[in-house]
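Below: one structure, written as structure tokens.
The values are calculated or read from the model by the stated rules, or taken from the named source; none is laboratory data. This structure is a prediction, so every number in the text was calculated from the model and none was measured. Here Cβ is always computed from backbone atoms with ideal geometry, including for glycine, and neighbour counts include all displayed protein chains.
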Amino acid sequence: MPFHPFAVEQFLSEMEHGVRFNFSESGVHPMSYAALFAMAQIDTEALFDTLVDYPQVNGFQTLRERIAALYDGAGAENVLVTVGATEANTLIANTLLEPGDNMVVFRPTYEQMAGNARNLGIELRLVNLIEDEGWAVDRDALAASVDDRTKIIHVVNPNNPTGGVLSIADRAAILASAERVGAWIVADEVYAGTERATDIPTASFWGQEARVIAINSMSKAYGLPGLRLGWLVAPQDMIPALWRRHEYASISASMMSMKLAEHALAPATRAKLTERARGLIRRGFETLTEALQEHPGVFSVVPPQASAMSFVKFDLPLGAEAFALRLLREQDVLVIPGNKFGLEGHFRFSSALPEPHLREGLARLNALTSEILANAG
Ligand SMILES: Cc1ncc(COP(=O)(O)O)c(C=O)c1O
């Protein structure tokens, strides 16, 4: 079976190091350890007494309790702590998907589950998110795409790369389709908590139906991607099968990451981290929209309801990849071309960054745009 690389992550890992204006990340600007320790009032002496040992493989009980408290009706026994949401997604694909199954995925979306499924030889059924309708689900296509071999409907909510949050009607359609054919809803919710236009967090799919696995991590909404700490929340009888695969994949997340995640998820610290993330996201999006107005008619964006990302549509006489490569080579600016998410004529731009840096990078994006337009005219 041919191997399908993970296009977005390959692009990022090959391009992002050393770039001066990196707008390709999807989370908010990361915290420093010093800032986290101060915010969470961590007793460093106690922390440094920790043995550099293997931690409890499925996650400390106290950490899993803290995570479970974020999900209605969940307990520590529903939680498996993983190395980022990345590992959680891979464990779920390897556990649930079997030959002959199909999986429904939305487009555009972060293609980690889809890529894992393709590499397992699973048929993918793509359902479009409709840009002109604010990235709404094509509900007729969704209803038509599920059948009794549909094992998973995969949802990224809020979405990467659009920042869209599913409407009530779209959520209901997903739940109805899953229920009709007995499919699992695998809900990657790493951007929940990064809402831009409201303080109400995006509701989890957990608890909406019996067959739901919810995924999250410290990477995006908390600005702590370097902890490489994530989790999944699943019905208790599913946990052993996922845990057995976790022992193969990584054995466990690291001791220190579990400790720091537990501090970060303490209610008072979590609230401060959320406030920080939302502040960066809201200011950053305003700066981005202001800068994109410099070339009327060239750029448009469905305002993201959450996340640091905007999926910007552009009208220029070159493709998404060519535009991104010129930005990188000529302006030292990195964005992700839309074709990495299956859509031409777009780029993904992350704007939850310190203001002066963001403004300078946007000025460079506009400078290249002016040059392209001048040469085209
Ligand atoms: C939707 C989605 N899920 C998972 C991940 C990976 O998250 P983590 O850093 O927790 O492994 C990303 C990273 O971009 C993402 O966008």
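If we keep just the residues of the range 8-23 that are assigned to a loop (DSSP other than H, G, I, E, B) and at pLDDT 95 or above, which is nearest to residue 349 (Cα to Cα)? Among those residues, the one meeting the criterion is 23. Against the condition of a type outside the set (Val, Ile, Thr) and within 26 Å of residue 36 (Cα to Cα), how does residue 209 come out, does it pass? Taking the combined requirement at face value, the residue does not satisfy it. Contact map, the range 85-102: first residue in the same structural domain as residue 67 (by TED's automatic domain parsing), second residue near the ligand (Cβ under 8 Å from one of its atoms) and not in a loop (DSSP other than H, G, I, E, B), Cβ cut-off under 6 Å, separation 6 or more or different chains; pairs are 85/215; 85/217; 85/230; 88/215; 88/230; 89/112. Among all residue pairs at least 6 apart or on different chains, which show Cβ distances below 7 Å where the first residue, located in the range 348-377, is in contact (Cβ under 8 Å) with a residue 60 or more places away in the chain and under 17 Å from residue 293 (Cβ atoms) and the second is of a type in the set (Val, Ile, Thr) and assigned to a strand (DSSP E or B)? Hits for this filter: 349/312; 361/333; 364/333; 365/333.
Would it be correct to say that residue 204 is surrounded by fewer than 24 Cβ atoms within 10 Å (Cβ to Cβ), assigned to a helix (DSSP H, G or I) and touching a residue at least 60 places away in the same chain (Cβ under 8 Å)? No: the conditions fail for residue 204. In the set (1) touching a strand residue (DSSP E or B) at 6+ places or on another chain (Cβ under 7 Å); (2) away from the ligand (no atom under 16 Å from the Cβ); (3) assigned to a loop (DSSP other than H, G, I, E, B), residue 210 fails one condition alone, (1). Could you check, for the range 170-177, whether at least one of its residues is surrounded by 15 or more Cβ atoms within 10 Å (Cβ to Cβ) and in a strand (DSSP E or B)? No - not one qualifying residue is present in the range 170-177. The residue that is surrounded by the fewest Cβ atoms within 10 Å (Cβ to Cβ), among those in the range 82-123 that are more than 8 Å from the ligand (Cβ to nearest atom) and of a type in the set (Ser, Thr, Tyr), is 95.
Of all residues in the range 219-236, at least one satisfies being part of a helix (DSSP H, G or I) and more than 12 Å from the ligand (Cβ to nearest atom). Considering only the range 21-29, I want to know if a residue exists there that is among the charged types (D, E, K, R) and more than 19 Å from the chain's Cα centre (by Cα). Within the range 21-29 (the criterion being among the charged types (D, E, K, R) and more than 19 Å from the chain's Cα centre (by Cα)), the answer is no, since none of the residues qualifies.
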